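Q: Got a structure for you, questions after.
The values are calculated or read from the model by the stated rules, or taken from the named source; none is laboratory data. The shown structure was predicted, so the numbers you read here are calculated from the model rather than taken from an experiment. Neighbour counts are summed over all protein chains in view; Cβ atoms, including those assigned to glycine, are modelled from backbone coordinates with ideal geometry. Ligands, DNA and RNA are excluded from the accessible area calculation, which covers all protein heavy atoms including side chains. Shrake-Rupley method; radii C 1.70, N 1.55, O 1.52, S 1.80 Å.
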Amino acid sequence: MKAVLIYEYGGLDVLKCEDIPRPEPGQGEVLIKVHAAGVNPSDAKIREGKAFAGMITDPFPYTLGWDVSGVVVETGGDGGGFKPGDAVYGLVNFPYGGGAYAEYVKAPACQLARKPALLDHIQSASLPLVSLTAWQALFEAAELKKGERILIHAAAGGVGHIAVQLARWKGAALISATGAPRDEDYLTFIGVDEFIDFRSQRFEEVIHDMDVVLDCVGGETQERSWQVLKKGGRLVTIMEEPLECRAMEYGVSSARVFVRPDAGALEEIRRCVDKGIIVPFVFSVFPLEMVEEAHELVEMGQARGKIVLNVEC
Ligand SMILES: NC(=O)c1ccc[n+]([C@@H]2O[C@H](COP(=O)([O-])OP(=O)(O)OC[C@H]3O[C@@H](n4cnc5c(N)ncnc54)[C@H](OP(=O)(O)O)[C@@H]3O)[C@@H](O)[C@H]2O)c1
């Protein structure tokens, strides 16, 4: 089968598309014929040896890619509830060597859910990592409740655009969002009430008394976010660990989320998608052989929504 391997960490040129043997599923695993694989900023960071690269114990060469949508073709043991022919999606083998940038990937059945019926494989592959991150940040870490006010940073990005739709579904009273002006109409369409152009406006001069801030940017954006929270508010970040002393100073709480596979949440997300509550935005699709271009684009950090590899074409 064709797969994208890395033999070392580095720039775009370490991505090698080669023929390797098909993996065989072990006990509790399934073999998936990959139709599409999502590309996330973390994929490029891992390629460079950053982010959670230090946690990956797979020896070189290994295959990148953690977001997958495809069809089960073989099962190890009882298949964990899946059988050949089932269309599935998931965040697989995370945070180890993922393997989804390939024609076939083996994955623990417990990390998979049925693919949303309303979406094709390209759209479905765009969802697992970003939707699980948004779900775990909003509903587990922040415990967002109906009627609350939330600020979502980088709302048009992969995580942000799903977080906006989940916050709307939960019944947030006010959704404020930072983003680029070209994304304002889109963000308003998916449920943002108050848009702030992060390049020309200082959000802390416009926004106040928020119950929750979801920080998808980090750095000075995180630092400037404390002051927009009301007492007892919650700052949840998917970037660097927030400073506990700043949380205490402002009388708020803080948490950092590191996404994890969760088939139960993916099943709930599938239901939301199939009811039309969440619609992923796919910005760009590349064939597997053009993985370098896909990484180049994701590294620029300027996509609306998601970038996906079409593995079937
Ligand atoms: N902890 C975890 O488990 C976890 C999980 C998922 C992602 N992450 C990390 O979270 C970050 C975001 O991920 P993503 O997939 O959502 O990224 P993304 O899709 O690349 O986000 C890009 C978006 O962010 C906007 N943006 C950039 N700087 C901004 C700023 N200062 N204020 C507001 N918006 C800004 C960009 O606007 P322009 O186009 O105008 O630049 C673009 O719309 C990445 O660093 C990723 O590695 C962490």
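Q: More than 23 angstrom separation, counting every C-alpha pair in region 130-256; what % is that?
A: Summing the P(r) tail past 23 Å for region 130-256 gives 19 percent.
Q: Enumerate by residue number the trypsin sites (Lys or Arg not before Pro) in region 12-71 meeting two conditions: DSSP loop (anything except H, G, I, E, B), and at most 14 other Cβ atoms within 10 Å of the site's Cβ.
A: In loop regions of region 12-71 (DSSP not H, G, I, E or B), the sparsely surrounded trypsin sites (Lys or Arg not before Pro) are K50.
Q: What are the DSSP H helices in the chain that stretch 18 Å or more along their long axis, judged by alpha-carbon atoms, and whose average Kyte-Doolittle hydropathy comes to at least 0.0?
A: Numbers: long enough: 158-170 (19 Å, 0.27).
TM-like helix candidates: 158-170.
Q: Using C-alpha positions alone, give me the convex hull volume of region 235-309 per residue in cubic angstrom.
A: 160
Q: Give me the lysines in straight-line cross-link reach of K45: C-alpha distance below 17 Å, same-chain residues under 8 apart excluded.
A: K16, K306
Q: Counting only protein heavy atoms and using a 1.4 Å probe, what share of the accessible area of the chain belongs to carbon plus sulfur, as a whole percent?
A: Ligands and nucleic acids excluded, carbon and sulfur reach 52 percent.
Q: Of the residues D13, D86, D67, which exhibits the maximal mean-square fluctuation in a Gaussian network model of the chain defined by a 10 Å Cα contact cut-off?
A: D13
Q: To continue, here is another question. Roughly what % of Cα-Cα distances in the chain sit above 25 Å, to the whole percent? Don't jump to the answer; show the numbers that get you there.
A: Working: 23322 of 48828 pairs.
In whole percent, the long-distance tail amounts to 48.
Q: Might you tell me the accessible area per residue for region 130-256, computed with a 1.4 Å probe and given in Å²?
A: On the way: 5280 Å² over 127 residues.
About 42 Å² of surface per residue is accessible.
Q: Toward the positive end of the charge dipole of region 130-256, about the Cα centre and with charges on Cβ (Lys, Arg +1; Asp, Glu -1), which of G191, L243, H208 goes farthest?
A: After comparing all options, I get G191.
Q: For region 25-81 and region 268-313, what is the separation of their C-alpha centers, rounded to whole Å?
A: Region 25-81 and region 268-313 have Cα centres spaced 16 Å from each other.
Q: Quick one: of K33/K115; K170/K230; K230/K275, which pairs are farther than 24 Å apart, Cα to Cα? Each step should come with its number before you reach the end.
A: Details: K33/K115 13 Å; K170/K230 20 Å; K230/K275 34 Å.
Cα-Cα > 24 Å for K230/K275; rest within.
Q: Further question: Only helical DSSP H runs with n ≥ 4 go in: add -39500 (n - 2.57) per run for the chain, normalise by residue count and round the 222 nm mean residue ellipticity to 500 deg cm²/dmol.
A: Per the formula, -7000 deg cm²/dmol.
Q: Over region 130-256, what is the relative contact order in whole percent, taking alpha-carbon pairs under 8 Å and six or more residues apart?
A: Once normalised by length, the contact order is 23 percent.
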